[in-house]
Amino acid sequence: MAAVKVDRERLMRTFLDLVAIDSPTGQEQVIGEELERRFTALGTTVRRDEAGNLIATLEGPPGECFLISTHMDTVGTDVGIKPIVGDDGVIRTDGSTILGADDKAGIASCLELLTLLGEHPELPHPAIEFVVSVSEEAGLVGSRQLDVSRLRSTHGYVFDTAGAVGSITYWAPTALDVNITVHGRKAHAGVEPEKGVDALRVAAEAIAAMPLGRIDEETVAGIGILTSGEARNVVPATAVLTGQARSHDQAKLDAQVAAMRDAVDAAARRHGATYEFVAEEIYHTYHIDPVAKPYRDAARAIEANGLEVIARKSGGGTDGNFLNARGIPCVGLATGMVDEHATSEHIAIDDMVAACGILLTIATGTATAREQ
């Protein structure tokens, strides 16, 4: 059977079309409607759940069914994104906004995969469920509301990770949101500050005492937001700290959260303040063995396309954390995006083509044709 070639220009155009649709988290209506139209036109049965997640099913022969997970929202608030296709074959912006390759590159490759399967009915493939979530960037909100019991897939691939094309993300951390409220006592800062208990000072001392940043190769933590005070001449009565801790090791994560709590407790005691400390799990770790089907089939597809398999341990979460937790083993596959979440975000068209080729090989067992 002759190898099938990913259409480079078509894939690029699809990606640019999607990037042109504003879709920050919470503003996915327009892109959701466009994706529903495109997936339907490419022969899938499409439904939207109550959260807005899109599930598109391409039927196949009885038996195997796998899923490909992507998300339709983009991080932050950037709109009016204007992609620039460079002479070097790399797509960037002018540096004032993100690009949105996270995860529109993944979606574009899914649409190209469906187009290729439609153009080549001789290619065998199992049933495929395309799950395009909403509000992924806000803490995997869409996938948390996904009714996995309605899916038929036995395994899957999260097409939403960075790294060199050929990377397989097999291990992701558990993440906890940490919310701390310090209660002090308000007083006039210029007349009788000694009658107050400065909640902001307590918070500052607590942060200074916390182990933060890169704790070890498996654990990170940080305080991202600190809010306090109502006027410059009033001793702050309240301070709110918002942060996160992540680790691939539960014992290390427990120890990190305990250290953060101890720092708050010690600072509060020194100054006579009280506090509330809440640590909530946002997503749970997963670890896929190389002999498990999603890893094994992805590795074979990568090698069949002449690329190196790169085992990747991620520090971030994806919808794969929830899919794995709910009984659908998934690995993450690189889409080609670089510097996601930053205004320097970019993607090489050739990397998108290579990543799409891997998807095609996973679906059909057929290696893609290469440029001569």
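Assorted remarks:
- Of the GluC sites (Glu not before Pro) found in region 298-355, those that fall in a DSSP loop while having at most 16 other beta-carbon atoms within 10 Å are 308.
- For the chain, the longest principal axis of the C-alpha atoms and the axis of helix 101-119 are separated by about 20°.
- In Hz, Karplus ³J(HN,Hα) per residue of region 347-361 (6.51, -1.76, 1.60; θ = phi - 60°; x = Gly, Pro): 8, 8, 4, 4, 5, 4, 4, 5, 5, 5, x, 5, 4, 4, 5
- Apportionment of accessible area to carbon and sulfur, the chain, percent (1.4 Å): 50
- Here the extension length gained between residue 226 and residue 78 equals 50.9 nm, from 0.36 nm per residue of separation less the Cα-Cα distance.
- An ellipsoid equivalent to region 225-357, defined through the eigenvalues of its Cα gyration tensor, has semi-axes of 43, 20, 11 Å when rounded to whole angstrom and sorted largest first.
- Within a straight-line Cα-Cα reach of under 16 Å, residue 186 can be paired with the following aspartates and glutamates, leaving aside sequence neighbours fewer than 8 residues apart in one chain: 194, 198, 230.
- Taking Cα atoms only, the orientation of helix 199-209 departs from the longest principal axis of the chain by about 60 degrees.
- For residue 161, residues with placed amide H under 5 Å, excluding near neighbours: 333, 335
- Among 70, 274, the sequence by solvent-accessible area, most first, with a 1.4 Å probe is 274, 70.
- Residue 300 contributes an accessible area of around 140 Å² to the protein surface, as traced by a 1.4 Å probe with all chains present.
- Among 284, 346, 183, residue whose mean-square fluctuation peaks in a GNM of the chain (springs only between Cα atoms under 10 Å): 183
- Loop-located GluC sites (Glu not before Pro) in region 41-115 (DSSP state not H, G, I, E or B) with no more than 15 neighbouring Cβ atoms inside 10 Å: 50, 59, 64.
- On full extension, the segment bounded by residue 9 and residue 250 gains 82.2 nm, given 0.36 nm per residue less the C-alpha separation.
- Rounded to 10°, Cα long-axis angle of helix 29-41 versus longest principal axis of the chain: 20
- Listed by chain and number, the aspartates and glutamates whose C-alpha is less than 16 Å from the C-alpha of residue 313, apart from same-chain residues fewer than 8 away, are 160, 216, 217, 218, 249, 289.
- Solvent exposure ordering (accessible area, 1.4 Å, most first) of 169, 115: 115, 169
- Net charge, residue 150 excluded, C-beta distance under 11 Å - Lys, Arg +1, Asp, Glu -1: -1
The values are calculated or read from the model by the stated rules, or taken from the named source; none is laboratory data. All values derive from a computational prediction rather than experimental measurement. Neighbour counts are summed over all protein chains in view; Cβ atoms, including those assigned to glycine, are modelled from backbone coordinates with ideal geometry. Surface areas here come from the heavy atoms of the whole protein model, side chains and all, with no ligands, DNA or RNA. Shrake-Rupley method; radii C 1.70, N 1.55, O 1.52, S 1.80 Å.
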